[in-house]
1. Out of the range 264-323, which residues are surrounded by fewer than 12 Cβ atoms within 10 Å (Cβ to Cβ) and over 22 Å from Cys238 (Cβ atoms)?
2. Could you grab me the full set of residues in the range 76-88 that are within 21 Å of Ser131 (Cα to Cα) and either acidic (Asp, Glu) or exposed (fewer than 13 other Cβ atoms within 10 Å of the Cβ) (or both)?
3. Collect the residues in the range 65-124 that are touching a residue at least 24 places away in the same chain (Cβ under 8 Å) and in a strand (DSSP E or B), keeping them in residue-number order.
4. If Asp261 passes every condition in (1) in contact (Cβ under 8 Å) with a residue 12 or more places away in the chain; (2) loosely packed, with under 14 Cβ neighbours inside 10 Å but one, which one does it miss?
5. Tell me whether the range 135-143 contains one or more residues that are closer than 30 Å to Ala3 by Cα, over 32 Å from the mean Cα position of the chain (by Cα) and surrounded by fewer than 16 Cβ atoms within 10 Å (Cβ to Cβ).
6. Any residue at all in the range 284-303 that is without any contact (Cβ under 8 Å) to a residue 60 or more places away in the chain, within 12 Å of Val222 (Cβ to Cβ) and hydroxyl-bearing (Ser, Thr, Tyr)?
7. List every residue pair whose Cβ atoms sit under 8 Å apart, with the two residues 6 or more apart in sequence or on different chains, where the first one lies in the range 206-235 and is more than 19 Å from Leu302 (Cα to Cα) and the second, anywhere, is among the charged types (D, E, K, R) and in a helix (DSSP H, G or I).
8. Can Ala226 be described as assigned by TED's automatic domain parsing to the domain that holds Leu194, more than 22 Å from Gln189 (Cβ to Cβ), among the aliphatic types (A, V, I, L, M) and in a loop (DSSP other than H, G, I, E, B)?
Amino acid sequence: MLAKQGWRLLQYPDSLTSKILKAKYFPNYSFLDAPVKAIGSYVWKSICTARSILLQGSRWQVGSSEGIDVWKDPWVPRATTFRVTTSKPTECTLSEVQELIREDTRTWDLLLLATVFLPPDMEVICSIPLSIRRTADTLIWHFDKKWSFSVRSAYKLAFAEHGVRTATSTSSGNGFRAGWNTLWKARVQGKIKLLWWKICRGILPTKAALSKRKVPLETSCVFCGAKLETTIHILRDCSFAGGVWINSSLGRTNVQPQTRDLHDWFLYCAEHLPVADFDLFLYTGWAIWNAMKENVWNSRKLSSAIVSFGAVARLSAFSSVHV
């Protein structure tokens with residue numbers, strides 16, 4: 001996971017990789033604040049896209065408290081924001097957390113806290129233990145018992161924050177969940193289900209998707225030369241794909257409702273096609289995608305009839321041993 005690589009940059013600033021990236025991309029900033037320039041490498045830009053999840057799950061563990069901004073930095077152990085919710089008073093001169101601590105006893109200045117902060121903030125701040133040894137402030141991962149970043153906890157955080165992406169054009173979330181259920185219950189190989197999961201999540205590496213991620217490439221369709229190779233174009237609207245559907249027993253009209261939205265198309269086929277036809281629909285889409293890869297990587301141009309026949313043959317072979 002890219003967030004893991006970003007976390008390593010924060011935890012191991014003296015590593016060779018961290019030093020190289022810092023010298024090249026953010027010599028005057030921290031990793032979390034570094035601007036992303038257009039000239040940056042694809043790897044660097046990809047790591048930077050994961051900063052949002054790091055910002056959601058990391059906070060400062062108060063040690064010496066030097067350099068932690070009271071109002072801007074995430075230091076309050078409260079999973080919603082990690083920041084104080086109290087607005088900064090107009091004449092308040094407080095800036096760093098160390099100003100809230102009595103140096104003689106290394107305890108919170110309760111009178112000052114009561115004067116500046118709202119009761120909910122004061123209660124949480126007072127619950128933060130302070131070290132007498134004045135240890136260094138540490139950036140920790142809040143959603144782990146050991147305060148250490150893990151891909152599993154980051155995934156749970158991202159899932160809870162954003163949920164599973166469903167079609168924005170469908171009238172009901174339950175409707176698309178029914179489409180997922182139909183996909184997972186289909187009697188097809190696991191790799192076919194995985195491909196369609198990627199298709200519906202919008203993470204298939206089409207030229208349009210790669211172009212959005214700033215990958216320099218020519219974006220026209222490899223089959224028909226259309227201006228933009230999107231997922232729904234290469235699987236349905238392309239003349240080559242149309243030929244594949246026509247050669248299959250499904251026919252093009254049965255799998256081409258009047259919609260331009262990828263999720264609506266998938267949901268329509270999941271709801272209206274008989275079980276056996278939906279299985280063939282999944283295999284045919286997989287065969288079209290594979291034909292594109294053969295064309296790009298091996299310069300092998302397959303006819304639409306061969307691709308359609310191959311989908312039927314693979315489904316028949318799989319079904320014969322999974323009765």
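The values are calculated or read from the model by the stated rules, or taken from the named source; none is laboratory data. Because the structure is predicted, anything quoted here is derived from the model rather than measured. No Cβ is skipped: glycine too gets one built from the backbone with ideal geometry, and neighbour counts run over all protein chains shown.
1. Those that are surrounded by fewer than 12 Cβ atoms within 10 Å (Cβ to Cβ) and over 22 Å from Cys238 (Cβ atoms): Pro274, Val275, Ser316, Ala317, Ser320, Val321, His322, Val323.
2. none
3. Result: Asp69, Glu96, Ile101.
4. With respect to (1) in contact (Cβ under 8 Å) with a residue 12 or more places away in the chain; (2) loosely packed, with under 14 Cβ neighbours inside 10 Å, Asp261 is out only on (2).
5. The initial filter retains those residues of the range 135-143 that are closer than 30 Å to Ala3 by Cα, namely 135-143.
Of the ones still in play, those that are also over 32 Å from the mean Cα position of the chain (by Cα) are 135-136.
If we keep only those that are surrounded by fewer than 16 Cβ atoms within 10 Å (Cβ to Cβ) too, we end up with 135-136.
Scanning the range 135-143 turns up at least one residue that is closer than 30 Å to Ala3 by Cα, over 32 Å from the mean Cα position of the chain (by Cα) and surrounded by fewer than 16 Cβ atoms within 10 Å (Cβ to Cβ).
6. There is at least one residue in the range 284-303 that is without any contact (Cβ under 8 Å) to a residue 60 or more places away in the chain, within 12 Å of Val222 (Cβ to Cβ) and hydroxyl-bearing (Ser, Thr, Tyr).
7. Partner pairs satisfying both residue conditions: Arg213/Lys45; Lys214/Lys45; Leu217/Lys207; Glu218/Lys207; Thr219/Lys207; Leu228/Lys207.
8. On the way: assigned by TED's automatic domain parsing to the domain that holds Leu194: yes; more than 22 Å from Gln189 (Cβ to Cβ): yes; among the aliphatic types (A, V, I, L, M): yes; in a loop (DSSP other than H, G, I, E, B): yes.
So Ala226 fits the description; yes.
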